[in-house]
1. On the given criteria, is A93 more than 28 Å from the chain's Cα centre (by Cα) and of a type outside the set (D, E, K, R)?
2. Give the residues of the stretch 98-128 that are of a type in the set (F, W, Y), away from the ligand (no atom under 11 Å from the Cβ) and either under 22 Å from the mean Cα position of the chain (by Cα) or surrounded by fewer than 24 Cβ atoms within 10 Å (Cβ to Cβ) (or both), sorted by residue number.
3. Between a residue in the stretch 152-177 that is in a loop (DSSP other than H, G, I, E, B) and crowded, with 17+ Cβ neighbours inside 10 Å and any residue that is of a type outside the set (S, T, N, Q) and at pLDDT below 95, which pairs come within a Cβ distance under 6 Å, given they are 6 or more apart or on different chains?
4. Condition first: assigned to a loop (DSSP other than H, G, I, E, B), under 19 Å from D66 (Cβ atoms) and of a type outside the set (S, T, N, Q). Now tell me which residues in the stretch 178-207 satisfy that.
5. Can you run down the residue pairs with Cβ atoms below 8 Å, 6 or more apart or on separate chains, where the first is in the stretch 186-212 and under 15 Å from N152 (Cβ atoms) and the partner is at pLDDT below 95 and within 12 Å of the ligand (Cβ to nearest atom)?
6. Of all residues being assigned to a strand (DSSP E or B) and within 16 Å of the ligand (Cβ to nearest atom) in the stretch 43-75, which is nearest to G201 (Cα to Cα)? Just the residue, please.
7. Within the stretch 184-209, how many residues are at pLDDT below 95 and away from the ligand (no atom under 14 Å from the Cβ)?
8. Please tell me if L139 is over 17 Å from Q101 (Cα atoms), surrounded by 19 or more Cβ atoms within 10 Å (Cβ to Cβ) and not small (G, A, S).
Amino acid sequence: MTERLYYHDSFLYDFDARVVEAFESNGRPAIVLDRTAFYPTSGGQVHDLGMLRADGQQIAITEVADEEDGRILHFAAASLSAGTQVHGSVDAARRLDHVQQHSGQHVLSAAFIRLFNMPTVSFHMGEESCTIDLETSGLSAAQAQKAELLANEVIAEDRPVNIRFVPLEEARQLGLRKLPPKQTGDLRLIDITDFDLTACGGTHVRATGQIGSILLRKIEKVKQGVRVEFVCGLRAVAMARHDYSTLTEAAALYSSHIYDVPEQVRKSLAEAKAAGKSQHKLLEELAELYSERLLAQTAGSPQVITQFFPDRDALFIKLLAQKLTAGKSTVIALLASGAGQPTLVFAQTPGQKSNMGQLMKEAMAQLGGRGGGSADMAQGGVPASAQQLEGIESLLLRTAASLKV
Ligand SMILES: [Zn+2]
């Protein structure tokens, strides 16, 4: 068993120890010390990083893991031999960040219990933010804000946080917020004065003021209840700074105040929708005019119309094909567009012998595209390369010549 120095002092960053074991685990050097201040990933809290110094060399600790038998594995950049005396240094900034997130979680979980009787069923600490899952069917924005406010009040009150070990039987009488499922020996209790008492192996603040602040972010429904994303301490400041910069950038685009951004976005979306509608109407009118002109220029029955529009897109030639084949004349339209993805549309007035879907398949086989459709209307897309564009016009003419009409 490794002696866990962090159990008694969350702010111990430097310590001396002796290498008990050293071996390879999944191709990585793993070191077991007789005692350590390095926190291993457990109970939702992420492991520490840092250094081991021995015999004039410095070895980076890249991961710390908790073994079932009570040993703590330090995954290291290089190995050391058993018996070596080492000096360990924990990355203090990273540890303080984890302490702030974890103690903040206790305060927040207790706030949800006190206000709404919503128990926390799991805690996850990520690189950017943390989450707790609450056992509840729903959580309103107003409830979340209330819990956030209570948690921040408890932080501002700077309540002492005491850590003590008590036997399991005694702990049962204390009314803990959470009792671990399997436990032998003494329980380690984290006591936030007159606010929360729970069993936990993590590293914690000396008083709630060290948490700094709690900022709730996303709230989403998950299978087991509601997931609340939050950040504490310096992370909350960093994230609020990031949010503010993002909003400021968006506000500058609209030359507006940041609080007016949602209204400006709503306006822009409505304008874009209206512009899209009017553009569609104009396209339809243009297709109608083109249709009339092309029909006037083409003789024969059926009137076979082939036309390549290098500057128009698929929507336009589809509209045009509909106009050409919806009138009184009997028409076969072989159209292509070059803007965006080059597209072919073949259409005919219903009731003729030709099969547009079949012709489209043959055309696509020649152009290296994909497409198909019914006997009266078919569409295909072609990869956008210059050679393909050059081949499209002659393909339309060849297809027209092959028609058996
Ligand atoms: Zn905890």
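The values are calculated or read from the model by the stated rules, or taken from the named source; none is laboratory data. What you see is a predicted model, and the numbers here were worked out from it, not measured in a lab. Neighbour counts run over all protein chains shown; Cβ positions are idealised from the backbone, glycine included.
1. No, not satisfied.
2. As a first pass, look at the stretch 98-128 and keep what is of a type in the set (F, W, Y): 112, 116, 123.
Right, trim to away from the ligand (no atom under 11 Å from the Cβ) and you get 112, 116.
F116, the sole residue that qualifies.
3. Note: pairs meeting the criteria are L176/A199.
4. Correct list: K178, P180, P181, K182, G185, C200, G201, G202, H204.
5. As it stands, the answer is D196/R177, since those pairs meet every condition given.
6. The residue in question is Q45.
7. Looking only at that region, the number is 3.
8. Here the answer is yes, as L139 does meet what is asked.
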